[in-house]
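*Asks:* Sharing a structure below in structure tokens format, with a few things to ask.
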Amino acid sequence: MFRWLVKMAQTTTKRVKADGVVIGTHNGHFHADEALAVYMLKLLPQYSSASVVRTRDQTVLDACHTVVDVGGEYDESKNRFDHHQRTFNTSFPDHNTKLSSAGLVYMHFGKAIIAQHVSLPLDHPDVTLLYNKLYDDFVEAVDANDNGVSKYDDSALTAAGIQKRFKDGGITLASLVGDLNHDDPLALGAASRNTAEQPQAEEDYRFTQASNLMGHSFLRKLHGAATAWLPARSIVKAAFDARASNHPSGQLLTLPRAGVPWKEHLYNIEEEAGLAEGQKVLYVIYPEKEEPGSKWRIQAVSKSLSAFENRKSLPEPWRGVRDAELDALLGDAVEDGAVFVHASGFIGGHKTEAGVRAMAALALAT
């Protein structure tokens with residue numbers, strides 16, 4: 001079985017047709033960035049049947065249609081996308097992280113990949129939204145990892161006495177790609193290994209596995225952003241525009257259904273609207289489930305997307321209280337049917353929409 005896979009890998013990576021499109025990248029130890037770069041290119045029609053050659057032989061690379069992560073040249077007009085040059089300092093628009101080969105390919109071809117995936121024109125505003133979203137949520141981390149850029153300033157963490165509680169590096173995509181640089185003895189078996197006869201073919205096969213790992217992860221992110229995150233924006237925008245009908249303050253947002261990913265959209269829409277701090281939404285209410293008669297939730301808006309601190313938590317006396325005891329605390333202003341308020345005050349629930357609206361009105365008035 002392995003010999004057949006090796007043969008297939010050799011066919012796709014080493015037999016280069018003179019009249020075909022060839023993508024070149026380096027052989028030897030491979031990384032997440034070129035694995036993703038090659039996969040993204042092959043998503044496009046002009047590259048879908050391309051061969052991939054992995055070499056550091058400059059003569060071979062010069063004959064390739066497109067070269068990524070090797071060759072010492074970045075020139076879009078020649079389809080050369082290396083980032084290892086001493087003078088290279090290119091970043092994605094409005095970002096500071098230096099690009100890897102993945103970021104370079106994404107910067108130049110990402111919109112075309114997305115437009116094809118969602119069947120929209122290249123200049124459609126939704127394509128631009130997804131283009132920026134996928135870079136922020138996926139590609140930038142690949143760029144940072146390959147260029148040795150930490151998420152946090154290590155010296156500042158050390159000065160603050162902050163230490164990791166556990167080692168998390170072993171479960172990153174980059175580390176899993178790194179693992180594929182080595183034979184899997186459980187999968188191959190010592191007897192079936194053919195490293196002496198076809199060492200490059202075996203390495204190329206493992207690179208293909210790495211490329212598929214990175215590419216499938218990218219496509220999963222793109223699919224989620226296109227089918228869940230993007231449609232949610234119009235829902236949140238409509239709710240934002242109608243917020244004054246929920247409460248005179250305009251600080252209560254009502255979502256029409258459960259499961260809407262609203263947070264990131266709300267922050268962006270508020271910023272676009274230029275809201276002052278005292279005008280921003282404090283609470284969001286929504287049904288707990290899609291089915292009729294569902295319970296309703298009230299959730300405090302956090303100060304930022306990644307923060308646990310809220311703009312205004314639910315009132316302190318309600319926190320950690322449930323059912324009839326909570327009904328008693330809420331008083332006559334809220335119909336019976338309160339379910340709970342979390343001990344931290346970030347979320348609560350009521351059996352009815354009217355009840356949760358009344359809870360929100362009380363919280364806003366407190």
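*Asks:* Could you please tell me which pairs satisfy a Cβ distance under 7 Å, a separation of 6+ or placement on different chains, a first residue in the stretch 141-155 that is in contact (Cβ under 8 Å) with a residue 12 or more places away in the chain, and a second residue that is open to solvent by 70 Å² or more (accessible area, probe 1.4 Å) and assigned to a loop (DSSP other than H, G, I, E, B)?
*Replies:* So the pair list comes out as 146/31.
*Asks:* Okay, next question. Would you confirm whether or not the stretch 134-144 contains a residue that is open to solvent by 10 Å² or more (accessible area, probe 1.4 Å) and farther than 18 Å from residue 220 by Cα?
*Replies:* Step one: filter the stretch 134-144 for residues open to solvent by 10 Å² or more (accessible area, probe 1.4 Å), giving 136-138, 140-142, 144.
Restricting the remaining residues to those that are farther than 18 Å from residue 220 by Cα gives 144.
Yes, because at least one residue in the stretch 134-144 is open to solvent by 10 Å² or more (accessible area, probe 1.4 Å) and farther than 18 Å from residue 220 by Cα.
*Asks:* Here's a follow-up. How many residues does the stretch 266-287 hold that are part of a helix (DSSP H, G or I) and either open to solvent by 40 Å² or more (accessible area, probe 1.4 Å) or closer than 20 Å to residue 309 by Cβ (or both)? Lay out the reasoning, then the answer.
*Replies:* Step one: list which residues in the stretch 266-287 are part of a helix (DSSP H, G or I), which gives 266-273, 277-279.
With the extra rule that they be either open to solvent by 40 Å² or more (accessible area, probe 1.4 Å) or closer than 20 Å to residue 309 by Cβ (or both), the set shrinks to 266-268, 270-273, 277-279.
Number satisfying all stated conditions: 10.
*Asks:* A further question follows. Out of 328, 307, which single residue is modelled with pLDDT of 95 or more and either surrounded by fewer than 16 Cβ atoms within 10 Å (Cβ to Cβ) or not acidic (Asp, Glu) (or both)?
*Replies:* Details: 307 fails: modelled with pLDDT of 95 or more.
Result: 328 is the single residue among 328, 307 that is modelled with pLDDT of 95 or more and either surrounded by fewer than 16 Cβ atoms within 10 Å (Cβ to Cβ) or not acidic (Asp, Glu) (or both).
*Asks:* Okay, moving on. Report the residue count in the stretch 338-348 for those that are open to solvent by less than 10 Å² (accessible area, probe 1.4 Å) and either touching a Gly at 6+ places or on another chain (Cβ under 9 Å) or over 22 Å from residue 245 (Cα atoms) (or both).
*Replies:* Restricting attention to the stretch 338-348, the residues satisfying the condition of being open to solvent by less than 10 Å² (accessible area, probe 1.4 Å) are 338, 341, 345, 348.
Still in the list and also either touching a Gly at 6+ places or on another chain (Cβ under 9 Å) or over 22 Å from residue 245 (Cα atoms) (or both): 338, 341, 345.
Going through the stretch 338-348 one residue at a time, the tally reaches 3.
*Asks:* What number of residues within the stretch 150-159 are open to solvent by less than 70 Å² (accessible area, probe 1.4 Å) and either at pLDDT 90 or above or of a type in the set (A, V, I, L, M, F, W, C) (or both)? Give the steps one after another, and end with the answer.
*Replies:* Keep residues of the stretch 150-159 that are open to solvent by less than 70 Å² (accessible area, probe 1.4 Å), which gives 150, 156-157.
Those left that are additionally either at pLDDT 90 or above or of a type in the set (A, V, I, L, M, F, W, C) (or both): 156-157.
The qualifying residues number 2.
*Asks:* In addition: Any idea how many residues of the stretch 75-98 are part of a strand (DSSP E or B) and within 25 Å of the chain's Cα centre (by Cα)? Before the answer, list the steps.
*Replies:* First, pick out the residues of the stretch 75-98 that are part of a strand (DSSP E or B): 75, 80-81, 91, 98.
Now drop any that are not within 25 Å of the chain's Cα centre (by Cα), which leaves 81, 91, 98.
Total meeting the criteria: 3.
*Asks:* Still on this model: Can you say whether residue 37 is modelled with pLDDT of 95 or more and of a type outside the set (Asp, Glu), as far as the supplied structure shows? Break it down stepwise before answering.
*Replies:* Details: modelled with pLDDT of 95 or more: yes; of a type outside the set (Asp, Glu): yes.
For residue 37, the condition - modelled with pLDDT of 95 or more and of a type outside the set (Asp, Glu) - is met.
*Asks:* Answer yes or no as to whether residue 162 is β-branched (Val, Ile, Thr), surrounded by 17 or more Cβ atoms within 10 Å (Cβ to Cβ) and more than 18 Å from residue 33 (Cα to Cα).
*Replies:* The answer is no for residue 162.
*Asks:* Suppose the filter is among the β-branched types (Val, Ile, Thr), under 19 Å from the mean Cα position of the chain (by Cα) and not in a helix (DSSP H, G or I); does residue 105 pass it? Quick ask: steps written out before the conclusion?
*Replies:* Values: among the β-branched types (Val, Ile, Thr): yes; under 19 Å from the mean Cα position of the chain (by Cα): yes; not in a helix (DSSP H, G or I): no.
So residue 105 does not fit the description; no.
*Asks:* Follow-up question, since we're still on this one. Across the stretch 22-47, which residue is farthest from residue 202 (Cα to Cα) among those that are assigned to a loop (DSSP other than H, G, I, E, B) and open to solvent by less than 70 Å² (accessible area, probe 1.4 Å)? Reasoning before the result, please.
*Replies:* Taking the stretch 22-47 as the starting set, the residues that turn out to be assigned to a loop (DSSP other than H, G, I, E, B) are 26-31, 43-44.
When the remaining residues are screened for being open to solvent by less than 70 Å² (accessible area, probe 1.4 Å), the result is 26-28, 30, 43-44.
On the way: 26: 15, 27: 11, 28: 11, 30: 13, 43: 24, 44: 26 Å.
The qualifying residue farthest from residue 202 (Cα to Cα) is 44.
*Asks:* Follow-up. Would you please list the contacts, defined by Cβ atoms under 7 Å and residues six or more apart or on different chains, that run from a residue in the stretch 299-313 that is closer than 15 Å to residue 341 by Cα and among the acidic types (Asp, Glu) to a residue that is part of a loop (DSSP other than H, G, I, E, B) and modelled with pLDDT under 95?
*Replies:* Listed pairs, sorted by first residue: none to list.
*Asks:* Only residues that are in contact (Cβ under 8 Å) with a residue 24 or more places away in the chain and part of a loop (DSSP other than H, G, I, E, B): list them for the stretch 108-126, please. Talk me through it step by step, then tell me what you get.
*Replies:* Residues of the stretch 108-126 in contact (Cβ under 8 Å) with a residue 24 or more places away in the chain: 108-110, 112-114, 116-118, 126.
Matches in the stretch 108-126: none.
*Asks:* So residue 361 ticks every box in (1) within 18 Å of residue 242 (Cα to Cα); (2) surrounded by fewer than 12 Cβ atoms within 10 Å (Cβ to Cβ) but one. Which box is left unticked?
*Replies:* The single condition residue 361 does not satisfy is (2).
*Asks:* Name, by its number, the condition in (1) open to solvent by less than 30 Å² (accessible area, probe 1.4 Å); (2) under 26 Å from residue 310 (Cβ atoms); (3) not assigned by the TED database to the domain that holds residue 345 that does not hold for residue 218.
*Replies:* (2)
*Asks:* To continue, here is another question. Considering the stretch 251-303 alone, what residues qualify as being acidic (Asp, Glu) and touching a Gly at 6+ places or on another chain (Cβ under 8 Å)? Let's see the steps before the verdict.
*Replies:* The first filter runs over the stretch 251-303 and keeps only residues acidic (Asp, Glu), leaving 264, 270-272, 277, 288, 290-291.
Residues satisfying the conditions are 288, 290.
The values are calculated or read from the model by the stated rules, or taken from the named source; none is laboratory data. On a predicted model such as this, the values are computed, not experimentally measured, just so you know. Quick reminder, even Gly has a Cβ in these numbers, built from the backbone with ideal geometry, and neighbours come from all protein chains shown. Keep in mind that these areas ignore ligands, DNA and RNA; they rest on the heavy atoms of the full protein, side chains included. Shrake-Rupley method; radii C 1.70, N 1.55, O 1.52, S 1.80 Å.
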